[in-house]
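The values are calculated or read from the model by the stated rules, or taken from the named source; none is laboratory data. Here the structure is a predicted model, which means the values were calculated and not measured. Neighbour counts are summed over all protein chains in view; Cβ atoms, including those assigned to glycine, are modelled from backbone coordinates with ideal geometry.
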Amino acid sequence: MRVTRRALISGIALSAALMVSACSPPSDSSSTASSAAGGGSAAAGDAKTAKSAKDLGGMEALVAAAKKEGQLNVIALPPDWANYGEIIKGFTAKYGITVNSAQPDGSSQDEINAVKSLKGTDRAPDVLDIGMAVALANTSLFAPYQVEKWSEIADAQKEATGLWVQDYGGYMSIGYDSAKVPAPTSVADLLKAEYKGKVALNGDPTQANAALNGVLMAAVANGGSLDDISKGVDFFKDLKAKGNFNKVQASTATVKNGTTPVVFDWDYLQAGNVKNVPTWKVYLPENATLGGYYAQAINADAPHPAAARLWEEYLYSDEGQNLWLKGGARPVRMDAMTKAGTIDAAAAAALPAVSGTPQFPTQDQLTKAKTVLATSWAKAIS
């Protein structure tokens, strides 16, 4: 279970579409094939400045260049996060490229810190899987790149030049060990004595996107809004005052050993907990259905620029998208793949049902929330 991540899409129309398609984002018919080609000015063979596979002479040339590099550096990708273990194995098996995985339990901010601190070394991250609030604050560190499936990704879910592209998403939820605590029927239930010392977040909300969205969900559930998260901060302050807040960072290990019997986290990560702990249940508050997506980005100073770009092509291919889906996450091309008949139907049918009216924080709301938490979170839980 990872302590970071990712983000949310904006727009009333997009939210409505997600309600209908169980969180699979709509395809963008307005994007063109010429856009997918990238239109970049990079010279053929120059992987570091290539804005599309076409800039390198096509996919065969990109594969050859990536194989020549032979390695890819990833960061903050635990094997049980959205099926990344299988994704990494699949990429290596297909291309023979060694994947070096650093800080598997790192946060989105840890990814950015690594890009900066390791710049110019062969240990720097090549690619990032990152929360939108952190991504938007660091676009100067990213390289623009448009994958071959660019036209099937909605405009609202990508930066126009490809500095970042949303990849997969889900809904914030409350997971709990039914053998240790009663089933919550609301977020407010977690303030009861039965949950003393048991309620945890997946990370620090000032740095980790999953935790940030846990606070956002608490705000909405307690009469606040995505524009004013103060009620979410107040909720965790009350949780701490009652002795119910557990400061231990939730992870697969803490769920397995019972240290964190109640966890705010994305539904696709809770699915992993269900497999590990037979008594683990998942609750999505109907009055606070909060959805969000994470994003991909390529380090502009990637030590393995061709492998970085091939990794992105793999992730956005039908194969990569279905592997995320198999892990319980909703891939960004889900709607287009469903229409094309290339979706893993069994994996799609296994996704948890969604009730209530989903809300998706805008980029401005995420940025504002993070600013508020920077000054209020430590005081609330101290």
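Screening the range 183-202 for residues that are assigned to a loop (DSSP other than H, G, I, E, B) and out of contact with any Lys or Arg (no Cβ under 8 Å at 6 or more places or on another chain) and picking the one that is surrounded by the fewest Cβ atoms within 10 Å (Cβ to Cβ) gives Thr185.
Every listed requirement among (1) over 22 Å from Ala288 (Cα atoms); (2) in contact with a Leu (Cβ under 8 Å, 6 or more places away or on another chain) is met by Leu191 save one, (1). State whether one or more residues within the range 324-332 are assigned by TED's automatic domain parsing to the domain that holds Thr49, more than 30 Å from Asp228 (Cα to Cα), assigned to a helix (DSSP H, G or I) and over 18 Å from the mean Cα position of the chain (by Cα). Scanning the range 324-332, I find no residue that is assigned by TED's automatic domain parsing to the domain that holds Thr49, more than 30 Å from Asp228 (Cα to Cα), assigned to a helix (DSSP H, G or I) and over 18 Å from the mean Cα position of the chain (by Cα), so the answer is no. Against the list (1) surrounded by fewer than 24 Cβ atoms within 10 Å (Cβ to Cβ); (2) outside the structural domain of Lys48 (by TED's automatic domain parsing); (3) over 20 Å from the mean Cα position of the chain (by Cα), the condition Ala300 fails is (2).
If I filter the range 344-382 down to residues being over 30 Å from Lys275 (Cα atoms) and polar (S, T, N, Q), which single residue comes out as farthest from the chain's Cα centre (by Cα)? Let's see the steps before the verdict.
In the first step, residues of the range 344-382 are kept if they are over 30 Å from Lys275 (Cα atoms); the result is 362-382.
If we keep only those that are polar (S, T, N, Q) as well, we get 362-363, 365, 367, 371, 375-376, 382.
Details: Thr362: 15, Gln363: 15, Gln365: 17, Thr367: 16, Thr371: 20, Thr375: 24, Ser376: 24, Ser382: 28 Å.
Top of the filtered list is Ser382.
Of the residues examined, Gln321 is not one that is assigned to a helix (DSSP H, G or I), outside the structural domain of Val74 (by TED's automatic domain parsing) and within 21 Å of the chain's Cα centre (by Cα).
The set of residues from the range 62-79 being within 16 Å of Asp126 (Cα to Cα), surrounded by fewer than 17 Cβ atoms within 10 Å (Cβ to Cβ) and out of contact with any Ser or Thr (no Cβ under 8 Å at 6 or more places or on another chain) comprises Lys67, Lys68.
Apart from one condition, Leu136 fits all of (1) among the hydrophobic types (A, V, I, L, M, F, W, C); (2) closer than 17 Å to Arg333 by Cβ; (3) at pLDDT below 95; the exception is (2). In the range 80-98, the qualifying residues are those that are within 20 Å of the chain's Cα centre (by Cα) and crowded, with 18+ Cβ neighbours inside 10 Å, and the one that is nearest to Arg309 (Cα to Cα) is Phe91. Residue check: is Gly292 out of contact with any strand residue (DSSP E or B) (no Cβ under 8 Å at 6 or more places or on another chain) and of a type outside the set (Asp, Glu)? Taking the combined requirement at face value, the residue does not satisfy it. For the range 243-252, the criterion of a residue being surrounded by fewer than 18 Cβ atoms within 10 Å (Cβ to Cβ) and of a type in the set (D, E, K, R) is satisfied by at least one position.
Counting only helices (runs of 4 or more DSSP H) that fall entirely inside the range 21-121 and contain at least 1 residues that are at pLDDT 95 or above, the qualifying elements are 59-69, 84-95, 108-117.
The residue that is nearest to Ala218 (Cα to Cα), counting only those in the range 149-182 that are charged (D, E, K, R) and in contact with a Lys or Arg (Cβ under 9 Å, 6 or more places away or on another chain), is Asp177.
Within the range 347-382, restricting attention to residues that are farther than 16 Å from Ala329 by Cα and among the small types (Gly, Ala, Ser), the residue that is surrounded by the fewest Cβ atoms within 10 Å (Cβ to Cβ) is Ser382.
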